[in-house]
Each structure stands twice: as C-alpha cells, then as structure tokens.
1. Considering only the stretch 53-69, I want to know if a residue exists there that is within 30 Å of Met138 (Cα to Cα) and outside any helix (DSSP H, G or I).
2. In the list Ile101, Ile121, Ile136, which residue meets the criterion of being hydrophobic (A, V, I, L, M, F, W, C), more than 21 Å from Pro29 (Cβ to Cβ) and more than 15 Å from the chain's Cα centre (by Cα)?
3. Take the stretch 70-108 and flag every residue that is in a loop (DSSP other than H, G, I, E, B) and more than 25 Å from Pro10 (Cβ to Cβ).
4. Name the residue, out of Leu113, Leu16, that is free of Cβ contacts under 8 Å to residues at least 24 places away in the same chain, in a helix (DSSP H, G or I), of a type in the set (A, V, I, L, M) and surrounded by 11 or more Cβ atoms within 10 Å (Cβ to Cβ).
5. Which one is surrounded by the most Cβ atoms within 10 Å (Cβ to Cβ) among residues in the stretch 39-78 that are among the acidic types (Asp, Glu) and within 30 Å of His119 (Cβ to Cβ)?
6. Tell me yes or no: at least one residue of the stretch 31-38 is surrounded by fewer than 11 Cβ atoms within 10 Å (Cβ to Cβ) and either out of contact with any His (no Cβ under 9 Å at 6 or more places or on another chain) or in a loop (DSSP other than H, G, I, E, B) (or both).
7. Go through the stretch 29-49 and give me each residue that's of a type in the set (D, E, K, R) and touching a residue at least 60 places away in the same chain (Cβ under 8 Å).
Amino acid sequence: MAHLRKLLPPIASGSLFGMGLTVSGMTDPQRVRGFLDMFGDWDPTLAFVMGGAVLVMAVAWRIQARMTKPVFGEKFALPDRTDLDPRLIAGAALFGIGWGIAGLCPGPAVASLVLSPVHAIPFVAAMLAGMLLQKITMERKVAS
C-alpha cells in the first residue's frame, strides 16, 4: 500500500500533463510542425502553450524557494549550470532535430499512444531504443 501511495503523485501529475497536452492540441504533430514553419502557414498555438508553461513555472519557482523540502520527496533535485556539457548539448540538438522532423517529443508521444497509437508507436519505439542505446553506451563507458 505504501508503494502505491508513492506512485500516486507521479501518476496524477503525468495524467494531468497528458490531458493538458491533449486539450492544447500538442499531441498533433501537424500543429508542432506548423509552429516551426515560420515562413509558411505559421501556427502560433505552441507559443501560447509555452507562454502558459513559463507563467506556471515562474509561480512554481517562487513557491519552491520558500519550501524546505518537496511535498512528495526528500529533497529537491534542481539543475545548475554545471550540468552543461557536450553530451547534454548534443542531446538537446538531436532532440530538437527529431522534434522538428516527427512533430512529437516524449510527453505528447506517450499521450498520443491513447489517442492515435498507430502514429505514436513508431516514435515511442524509436525513443525507447534510443534510451536503451544510451544506457548501454554509458554502462560500457563506466566499465572501461
């Protein structure tokens, strides 16, 4: 029962996130591609979604600064500037290229598994294969 209690917050927040992506239309690859098509038939929807996310995070950062520990955890795991390294930058560039080509990123892809699995399964399969490849590569690097 305690294990289920630990899983409830991430399941609830992930479900809320997926619903938000669906309601905002961000599970539609055409909408994302439309946002990236700045010189064609540009769709500003994603800019509004990002703007809303920035506002929510601005409030969240203010609240977090006053907290001694997270509500559902032992300590905060916040990024810092030392996290920037060539692997992170290369990964971010690869992510951006894939996002532009597919019109999906991990969150919307997982949410799309419910709505249009035929279109999402190849992306999610490729994403999982990439994650496995990264894990194998890092394990080999640590072992050597």
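1. So in the stretch 53-69, the residues within 30 Å of Met138 (Cα to Cα) come out as none.
No: zero hits.
2. Ile136
3. Scanning the stretch 70-108 gives Leu84, Asp85, Gly103.
4. Leu113
5. Initially, the stretch 39-78 is screened for residues among the acidic types (Asp, Glu), giving 41, 43, 74.
Right, trim to within 30 Å of His119 (Cβ to Cβ) and you get 41, 43.
Values: Asp41: 8, Asp43: 17.
Of everything passing the filter in the stretch 39-78, Asp43 is surrounded by the most Cβ atoms within 10 Å (Cβ to Cβ).
6. So far as the stretch 31-38 goes, yes, one or more of its residues are surrounded by fewer than 11 Cβ atoms within 10 Å (Cβ to Cβ) and either out of contact with any His (no Cβ under 9 Å at 6 or more places or on another chain) or in a loop (DSSP other than H, G, I, E, B) (or both).
7. Passing the criteria: Arg31, Arg33.
We did not get these values from a lab; they are worked out from the coordinates using the rules stated. Note that the structure is predicted; figures quoted are calculated from it, not measured. Don't worry about glycine lacking a Cβ; one is built from the backbone with ideal geometry, like all the others, and counts go over all protein chains shown.
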